[in-house]
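Asker: Here it is, the structure, as structure tokens.
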Amino acid sequence: MMRVRKSLPAQRASTRRRMLIAPLSPVGLAVISYVFFIACIVFPPRSYEAIMGEPDWMFLDSTSLVFVTLCVFGYMAGVVLIRTTTVGRSKPMRVKFLGQTAILLPLLFAFTLNLVSVSLIANSTPNLFTAWFVDGSAAKTNLDTAGALTQALPLLYGLCWWTLWQIINREQANRFHNTGLRFTLWAVFATALATAVIKVARYDLIPMILGIAMIYFTSTLLGKRISVVKYIARTILLVLIIIVLFVAFSWLRGSDSQSVLLKNAAGYTVASYNRLAGVLNGEIRLPYGGTGTYAFRFLSNLPILNRWIVSGMPDSANVLHSEFAAVGASGLDGAYIWSSAFGYVYSDMGWAAPAYFCVIGALSAWAWRRLRAGSAMGVLIYPWLAFSIIFWAGSNIVSYPQFVTMVGAGTALSVYERLAARRIRAAVVTITTRASTNRMFSHFGE
């Protein structure tokens, strides 16, 4: 039987549908996180209690099921809202890649800034480069980052994402690998990894790796057909890497027995939904709930805004310490405080939380669209949003100050790209004009 080829519009529609439900898309990531939530609330209570040594409140908890489902529906509504509009769409740039120097300058700037940050931390933290290897727990406790440009590291790995995207675009246009650019990128990226390990900073290390993998997959597979099995396999691999990294950091912090490592793995994942059930049912009351600190944590890291507009925002260190006491007072293990992104937003907004997640869904759909268009804003923002969605089982990552850093860097890079592209086009016009002039004089000379 003769196979009938799809028309071009049908192929494009099929591609759009695949991109919508791809595992790394806003919908795909939300589905993965929601399935994990369902798996947690049906996890055998006896097994959970044996691992964590605390009562299981989440097993088939109807309040948790209804609340999380409403939040996910709100998120999906935000995604659909953007999908039905043209927001974030743009025509392809005439210059699809930047020059080698233009690509390296922002990366080297961020690299230098990170070195300054590490130097400041080293001056105030004895044995910074060895303490994490001897006793990771003490290294984290003794780490002094006051006034040490803590957002230099997020800026650096955000620039690594952007640089990788630019390198791949350049190589695809020129059809050859640029060894010098790649070597520089991976050397800088290795420095960023080392910085995160020295600072025992999981919130930076994990999104850093997830983001670089996401940028690579998206940029290299954009416009290409790939089997669903391969796509899902790569996504599962990323999730496994995240789990391994969490366990590795638990080991660095002094957890070396198999039972403790298993408890840490459950404490930073499944246990969050047990605390969510406690928050929803009134067993856990976060002292700073209703202040906006859990839903809009980044506001406390904006000096001008924090001083004049949101002066009532509590100090982040006080908020963190209060959570340990609140969870411990409820009868659960106070060493594990995360109540999932849903629990934190509920503490600030109550049952209006689905509206919050609707905004996150719209923002994620917009950033995903900008990422696929090659926009610097999308390249920097979407990986962070993607990490926050995958990490719904932990904390409300989207509210962390790194998000503001990515927005600021994305805005600056968008302007930088336009200026660099304009300079390239001017150079092309100059070369073309000179060539035309040479041909004219050559004609007159015949």
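Asker: What number of residues within the range 150-180 are assigned to a helix (DSSP H, G or I), surrounded by 15 or more Cβ atoms within 10 Å (Cβ to Cβ) and either at pLDDT 90 or above or hydroxyl-bearing (S, T, Y) (or both)?
Answerer: Qualifying residue count for the region: 16.
Asker: From the list I242, I212, exactly one residue is assigned to a helix (DSSP H, G or I), under 30 Å from T125 (Cα atoms) and at pLDDT below 85. Which is it? Give the steps one after another, and end with the answer.
Answerer: Numbers: I212 fails: at pLDDT below 85.
Among I242, I212, only I242 is assigned to a helix (DSSP H, G or I), under 30 Å from T125 (Cα atoms) and at pLDDT below 85.
Asker: Scan the range 303-327 and report the pairs whose first residue is hydroxyl-bearing (S, T, Y) and whose second residue is at pLDDT 80 or above, with Cβ atoms within less than 8 Å and a gap of 6+ or a chain change.
Answerer: S316/T293; S316/R297; S322/L286; S322/P287; S322/Y288
Asker: Name the single residue, out of those in the range 197-208 being hydrophobic (A, V, I, L, M, F, W, C) and over 22 Å from L104 (Cβ atoms), that is farthest from the chain's Cα centre (by Cα).
Answerer: Taking the range 197-208 as the starting set, the residues that turn out to be hydrophobic (A, V, I, L, M, F, W, C) are 197-198, 200-201, 205-206, 208.
From what's left, over 22 Å from L104 (Cβ atoms): 197-198, 200-201, 205-206.
Numbers: V197: 18, I198: 20, V200: 18, A201: 14, L205: 10, I206: 8 Å.
Among residues in the range 197-208 that are hydrophobic (A, V, I, L, M, F, W, C) and over 22 Å from L104 (Cβ atoms), the one farthest from the chain's Cα centre (by Cα) is I198.
Asker: Related question: Does S395 satisfy the condition of being among the polar types (S, T, N, Q), part of a helix (DSSP H, G or I) and under 21 Å from I209 (Cα atoms)? If you could, list the steps in order and put the result at the bottom.
Answerer: Values: among the polar types (S, T, N, Q): yes; part of a helix (DSSP H, G or I): no; under 21 Å from I209 (Cα atoms): yes.
The answer is no for S395.
The values are calculated or read from the model by the stated rules, or taken from the named source; none is laboratory data. Fair warning: this is a prediction, and the values are worked out from it, not measured in the lab. Glycine gets a Cβ as well: all are built from the backbone with ideal geometry, and neighbour counts include every protein chain shown.
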